[in-house]
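Enquirer: This is the structure I want to talk about, given as structure tokens.
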Ligand code: HEC
Ligand SMILES: [Cu+2]
């Protein structure tokens with residue numbers, strides 16, 4: 001579990017990890033307590049009037065109707081108007097602050113697709129899946145788009161949420177104030193595995209971030225092929241392929257290696273070449289009984305990652 005979402009927060013809110021968070025929480029608290037005061041106040045006054053002006057004797061006549069009262073009407077118009085305008089100006093102001101990034105913000109490209117997040121760091125040609133790594137105390141602008149349906153990038157600790165859409169760019173910016181790991185959610189219902197469309201925001205000190213960039217991003221160099229493959233499986237394939245025979249959109253990986261698979265091109269033995277072809281050119285042979293529902297991973301996965309995932313599939317006897 002990520003620190004911050006469940007721990008360190010208050011009863012209402014996860015811990016604050018961006019420059020926006022304190023201001024937004026004050027506005028939230030203000031609206032909350034204003035609602036409590038108005039709710040309780042109106043009920044108390046209503047109850048008091050019910051008792052005070054109740055009919056006391058059977059033959060009591062109705063009190064004369066009040067048709068018009070300037071002072072009363074001005075009061076109940078102007079006070080709510082003032083409150084609503086205050087909330088509008090306050091909210092609009094913080095909205096502007098969240099919409100307009102500082103000119104020195106660092107751009108990171110975010111691509112969403114069913115069902116994961118891809119992050120491209122322009123300076124070093126690094127791409128990561130699921131994990132977004134950023135330096136602390138640095139303005140970051142996310143330029144987002146989607147490869148399929150609408151998704152929504154949501155990090156509660158930062159107090160930011162922004163839809164990511166096909167065929168257009170949307171942006172959101174933030175400045176993290178705390179080193180740590182925070183949960184990324186998809187906040188737009190986007191299909192079967194929507195609730196698995198999770199990621200981590202990893203905030204590093206500036207020095208650690210430079211080191212991370214210099215090492216080419218997430219260090220996979222020291223990882224064994226199988227470990228790397230398992231990671232690729234979890235971020236890229238687990239939405240559609242199980243490893244325990246349970247049914248998903250695609251066939252299970254359990255026992256797949258070496259098996260005779262029925263496909264649109266006849267029976268094929270699932271060896272390394274077939275697995276590789278299924279990953280980079282999934283339309284070549286469609287498994288019988290399944291929809292042609294897999295996208296190509298050519299250009300998305302590096303060769304070593306493909307090798308890794310094949311090794312990983314081999315371990316799933
Ligand atoms: C969006 C869902 C989806 C994702 C994500 C996905 N696949 Fe698939 N995959 C399918 C479907 C559906 C099939 C069956 C139809 C076909 O053969 O194309 C399939 C078939 C396969 C097969 C052939 C299986 C067999 O029984 O012969 C392999 C191998 C495979 N996928 C590997 C992968 C790997 C590795 C990944 C991750 C890098 C991945 N898939 C990600 C949907 C998906
Ligand atoms: Cu989504």
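Derivation of every value follows stated rules applied to the coordinates shown; laboratory data play no part. Only a predicted model underlies this, so the values are computations on that prediction, with no experimental measurement involved. Every residue, glycine among them, receives a Cβ derived from its backbone with ideal geometry; neighbour counts consider all protein chains shown.
Enquirer: At a Förster distance of 35 Å, what's the computed FRET efficiency of residue 124 paired with residue 284, Cβ-Cβ distance as r, to 0.05?
Expert: 0.55
Enquirer: While we're looking at this one, here's another question. Contour minus end-to-end for residue 295 and residue 227, with contour as 0.36 nm per residue of separation and end-to-end as the Cα-Cα distance?
Expert: 22.2 nm
Enquirer: Based on the alpha-carbon gyration tensor of the chain and its eigenvalue square roots a ≥ b ≥ c, which shape applies: rounded if a/c is under 1.5, prolate if not and a/b is larger than b/c, or oblate?
Expert: Cα axes put the chain in the prolate bin.
Enquirer: Label segment 1-94 by shape, choosing from rounded, prolate and oblate, from the square roots a ≥ b ≥ c of the eigenvalues of the Cα gyration tensor; if a/c is under 1.5 it is rounded, and otherwise prolate applies when a/b is larger than b/c, oblate when it is not.
Expert: Oblate.
Enquirer: What residue among 273, 200, 157 has the largest mean-square fluctuation in a Gaussian network model of the chain, using Cα springs under 10 Å?
Expert: 273
Enquirer: Can I ask one more? At what distance in nm do the modelled label points of residue 30 and residue 88 sit from each other, each positioned 7 Å from its Cα along Cα→Cβ?
Expert: Using points 7 Å along Cα→Cβ, the separation is 1.5 nm.
Enquirer: Could I have the simple spin-label model distance between residue 303 and residue 147, label points 7 Å from Cα toward Cβ, reported in nm to one decimal?
Expert: Between residue 303 and residue 147, the label points sit 2.1 nm apart.
Enquirer: Okay, moving on. If you average the alpha carbon positions of segment 87-127 and of segment 172-207, how far apart do those two centres end up, in angstrom?
Expert: If we compute the Cα centre of each part, the gap is 12 Å.
Enquirer: Considering only 256, 34, 301, give the residue with the highest GNM mean-square fluctuation for the chain, with springs between Cα atoms whenever their separation is below 10 Å.
Expert: Greatest mean-square fluctuation among the candidates belongs to 34.
Enquirer: To continue, here is another question. What number, rounded to the nearest 500 deg cm²/dmol, is the helix-based mean residue ellipticity at 222 nm of the chain, given -39500 (n - 2.57) per DSSP H run of at least four residues and division by all its residues? Show your work: numbers first, answer last.
Expert: Working: 6 runs with 101 residues, N = 317.
Taken over the chain, the calculation gives -10500 deg cm²/dmol.
Enquirer: Write down the percent of antiparallel bridges among all DSSP beta bridges whose residues are both part of the chain, to the nearest 5.
Expert: Beta bridges within the chain, antiparallel portion: roughly 70 percent.
Enquirer: Among rounded, prolate and oblate, which fits segment 167-316 when a ≥ b ≥ c are the square roots of the eigenvalues of its C-alpha gyration tensor, a/c under 1.5 means rounded, and a/b larger than b/c means prolate?
Expert: Verdict is prolate for segment 167-316.
Enquirer: Order by neighbour count: 103, 242, fewest other Cβ atoms within 10 Å first, most last.
Expert: Fewest to most other Cβ atoms nearby, the residues stand as 103, 242.
Enquirer: Rank by packing, highest mean first: peptides 282-295, 111-124, with packing defined as the count of other Cβ atoms within 10 Å averaged across residues. Display every interim value, and only then the final one.
Expert: Working: 282-295: 13.4, 111-124: 18.6.
The most tightly packed comes first, giving 111-124, 282-295.
Enquirer: Can you put 168, 231 in order of Cβ neighbours within 10 angstrom, beginning with the fewest?
Expert: Starting with the residue having the fewest Cβ neighbours, the order is 168, 231.
Enquirer: Roughly what angle does helix 303-315 make with the longest principal axis of the chain, taking Cα atoms, 0 to 90 degrees, to the nearest 10?
Expert: Helix 303-315 and the main axis of the chain meet at about 90 degrees.
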